[in-house]
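So the structure is just underneath, and the comments pick up after that.
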Amino acid sequence: MSRRSGILEFAVLGLLRESPMHGYELRKRLNTSLGVFRAFSYGTLYPCLKALVANGWLIEETKGAAEGVPAAALTGRRAKIVYRLTAAGKEHFEELLAHSGPDAWEDEHFGVRFAFFGQTSRDVRMRVLEGRRSRLEERLERMRTSLARSRDRLDDYTLELQRHGMESVEREVRWLNELIESERAGRDQRAPGSAAQERNHQSGDTGGLPRHRGGTRPDPSDDTTT
């Protein structure tokens with residue numbers, strides 16, 4: 001399985017964990033909620049859905065016309081299918097959520113993984129955030145070294161572009177530092193013996209998200225950070 005299809009599988013399972021969806025609605029959510037899928041067609045989604053059904057992670061349910069779906073999208077047999085996550089699919093998604101290795105730190109993967117942090121345990125969130133920060137710090141060091149070596153050979157516009165790229169990475173590193181601090185503070189402030197807090201922890205509670213202090217947060221799927 002390619003990286004692209006793997007992250008699409010993850011996103012589809014995550015969205016369907018929230019509720020069953022028609023293919024049109026699912027594609028719309030992928031387009032609007034997850035930046036990495038902005039330029040995305042049903043022709044790409046359909047084979048993924050069929051593969052997930054074949055694996056037993058989704059089931060297809062034949063329904064009538066879904067309310068609010070444009071008539072043009074309801075033509076043909078495919079428009080009558082609603083996709084629902086199976087018990088095996090939920091279990092598989094939980095396994096994917098627990099993954100915190102290098103793939104989860106990469107540009108496309110990190111943006112989608114971050115979108116589902118609300119369903120991810122705090123420990124896994126921490127490992128993904130710290131891994132992403134480490135990856136960007138390595139990238140930033142390479143960019144600085146390259147700029148220092150080639151500065152004299154670059155014209156003003158190319159030099160400005162290089163600086164812009166570095167500033168984008170530096171901004172995301174600062175954002176990650178803030179998130180990591182907040183996650184640590186939220187973990188440290190959990191009162192021992194509090195059943196309610198323990199339930200929130202187990203469900204991936206995101207109460208540790210930092211308050212935004214001006215400016216704009218970088219979009220994890222923004223190409224300027226790649």
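Here Leu52 fulfils each of the conditions (1) modelled with pLDDT under 80; (2) open to solvent by less than 70 Å² (accessible area, probe 1.4 Å); (3) of a type in the set (A, V, I, L, M) apart from (1). Taking every residue in the stretch 1-24 that is within 12 Å of Arg113 (Cα to Cα) and pairing it with any residue that is among the β-branched types (Val, Ile, Thr) and modelled with pLDDT of 85 or more, at least 6 positions away or on another chain, the pairs with Cβ-Cβ distances below 9 Å are Ile7/Val112; Leu8/Val112; Phe10/Val112; Ala11/Val112; Gly14/Val112.
Checking Arg144, Arg139, Arg122 one by one, the residue that is open to solvent by 50 Å² or more (accessible area, probe 1.4 Å), out of contact with any strand residue (DSSP E or B) (no Cβ under 6 Å at 6 or more places or on another chain) and among the basic types (Lys, Arg) is Arg144 and no other.
Taken over the stretch 79-95, the residue count meeting the criterion of being open to solvent by 10 Å² or more (accessible area, probe 1.4 Å) and part of a helix (DSSP H, G or I) is 8. Report yes if Ala98 is out of contact with any Ser or Thr (no Cβ under 7 Å at 6 or more places or on another chain), at pLDDT 90 or above and surrounded by fewer than 16 Cβ atoms within 10 Å (Cβ to Cβ), otherwise no. Here the answer is yes, as Ala98 does meet what is asked.
Here is a yes/no grid of residues against (1) within 16 Å of Leu179 (Cα to Cα); (2) hydrophobic (A, V, I, L, M, F, W, C):
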| position | (1), (2) |
| --- | --- |
| Ile81 | no, yes |
| Ala88 | no, yes |
| His92 | no, no |
| His99 | no, no |
| Pro102 | no, no |
| Gly111 | yes, no |
| Asp123 | yes, no |
| Leu140 | no, yes |
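The values are calculated or read from the model by the stated rules, or taken from the named source; none is laboratory data. The structure presented is a predicted model; accordingly, all values stated were derived computationally and were not measured. Every residue, glycine as well, gets a Cβ built from its backbone with ideal geometry; the counts of neighbours run over all protein chains shown. With ligands, DNA and RNA removed, areas are computed over all heavy atoms of the protein, side chains included. Shrake-Rupley method; radii C 1.70, N 1.55, O 1.52, S 1.80 Å.
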